[in-house]
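Here's the structure, in structure tokens; my notes come after.
The values are calculated or read from the model by the stated rules, or taken from the named source; none is laboratory data. What you see is a predicted model, and the numbers here were worked out from it, not measured in a lab. Ideal geometry is used to build each Cβ from the backbone, glycine not excepted, and the neighbour counts take in all protein chains shown. The protein model used for the area step is the full one, side chains on, heavy atoms only, and it has no ligands, DNA or RNA in it. Shrake-Rupley method; radii C 1.70, N 1.55, O 1.52, S 1.80 Å.
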Amino acid sequence: MSAHAALNVSGVSVRFGGVTAVDDVSLSVSPGNVVGLIGPNGAGKTTLLNAISRLVPMSNGQVRVFGNDTTRAPAYRLPRVGVARTFQVVQPFGNLSIRENVAIGAMFCMDSLSRDDALERADQALQRTGLFAKRDQLPGEVTLADRKRLELSRALAMAPRLLLLDEVMAGLNHSEIDSMIRLVRSFRDEGTAVVVVEHVMKAIVAVCDRIVVLQSGRKIADGSPREVLEDPTVVAAYLGHRFAARHGRSAAGAAA
Ligand SMILES: Nc1ncnc2c1ncn2[C@@H]1O[C@H](COP(=O)(O)OP(=O)(O)OP(=O)(O)O)[C@@H](O)[C@H]1O
Ligand SMILES: [Mg+2]
């Protein structure tokens, strides 16, 4: 196993004109760990994932993935060092089947993969996410929950060692969330490092080894679920007192 952190973000800032969307954020993720990235709408969670995956430029800071400095790497390099991600707004190729959409993910990150091998990888990923039976349908023909599964399958087909998930549970019902929780746990059990951006607190509590909280671009908390969910600053900024009263104890218990 690598001695390096899977992900090391150090002092990263992202500015859009006058808006500082991410403000001097540092965090690290170890292999086989799940880190939750939470915070109010507009806190900078997606922008931080975008900066890590090199889709937006950083104005300051450094990112290392398994020891590789990727601060200025082109976006296409990231899958090749083991990073795959999902997008909050799912945008599959509408005229390709679900299976083909997933196979493209695999082909994108491996130079010498044949079409058949890519389709085989796609099938394995689709079996894992429960979408295999719908593999020949078009993305527009399935539900939002299935399009979220497609997004996850595409990332999985890239055989990631670091998986960045941006709200894969948004819009899912309780049983769909439960099966997504089981999937994320299975990635962790295989040694994959995972960053989970999510507003579904039930899922955050169920899967995270650590939680990082952003507010207005700044990191306001970083610690065990127990520490973070009981932190008065986090309760005031994001969770609300009702959540704390209802879930604080059980969340801390689940995390212990
Ligand atoms: N491409 C962009 N150009 C200008 N401003 C942007 C851009 N992308 C994000 N922002 C701004 O950066 C801030 C952080 O947005 P971001 O989408 O990262 O938040 P978020 O934490 O993911 O929110 P949500 O929970 O709603 O998804 C917001 O003020 C947003 O308007
Ligand atoms: Mg977002």
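For this structure, a couple of remarks:
- In the chain, helical runs assigned H by DSSP with n ≥ 4 each contribute -39500 (n - 2.57); averaged across all residues and rounded to the nearest 500, the mean residue ellipticity at 222 nm is -11000 deg cm²/dmol.
- Each Lys and Arg contributes +1 and each Asp and Glu -1, all at the Cβ; summed about the Cα centre of segment 1-131, the dipole is approximately 200 debye.
- Once backbone amide H atoms are built at 1.01 Å from N, SER59 has SER13, VAL14, ARG15 as its partners under 5 Å, excluding neighbours fewer than 5 places away on the same chain.
- Extreme residue, positive dipole direction of the chain, given options TYR76, SER13, SER179 (C-beta unit charges): SER13
- Share of pairwise Cα separations in segment 94-159, more than 13 Å, in percent: 53
- Approximate shape of segment 1-101 as ellipsoid semi-axes (Cα gyration tensor, √5λ), whole Å, largest first: 22, 20, 14
- Using the 1.4 Å probe convention, the accessible area of the chain works out to 45 Å² per residue with neighbouring protein chains retained.
- Estimated from the Cβ-Cβ distance and a Förster radius of 30 angstrom, the FRET efficiency linking ARG115 and LEU55 is about 0.65.
- Between ARG80 and ASN173, the contour length at 0.36 nm per residue exceeds the alpha carbon distance by 30.1 nm.
- DSSP-defined beta bridges in the chain - what % are antiparallel, rounded to 5: 55
- Over segment 1-73, Cα pairs under 8 Å with separation of 6+ residues give a relative contact order of 40 percent.
- Cα-only radius of gyration and Dmax that characterise the chain, units Å: 17.8, 54
- Total charge dipole magnitude, the chain, about the Cα centre, Cβ charges on Lys, Arg, Asp, Glu only, Debye to nearest 20: 240
- Descending semi-axes in Å of segment 160-230, equivalent ellipsoid built from Cα gyration tensor: 20, 15, 12
- Relative packing of 45-56, 14-25, which averages over residues the other C-beta atoms within 10 Å, highest first: 45-56, 14-25
- Sulfur and carbon atoms: percent of accessible area, the chain [1.4 Å]: 48
- Here ASN95 and GLN124 are evaluated by their C-beta separation; at R0 = 25 Å the FRET efficiency comes out at 0.60.
- Taking the chain and dividing mean pair separation by its residue count, relative contact order in percent (alpha carbons under 8 Å, at least six apart): 24
- A crude spin-label estimate for the pair THR143 and ASP24, with each label 7 Å from Cα along the Cβ direction, gives 4.6 nm.
- Cβ-based charge dipole, segment 94-159, positive-most Cα from ALA155, ALA145, GLY130: ALA145
- Inter-label distance, ASP209 to GLN62: 2.3 nm, where each label sits 7 Å from its Cα along the C-beta direction.
- What the phi angles of segment 50-55 give under the Karplus curve with 6.51, -1.76 and 1.60, with θ = phi - 60°, is a coupling list of 4, 5, 4, 8, 6, 8 Hz, glycine and proline written as x.
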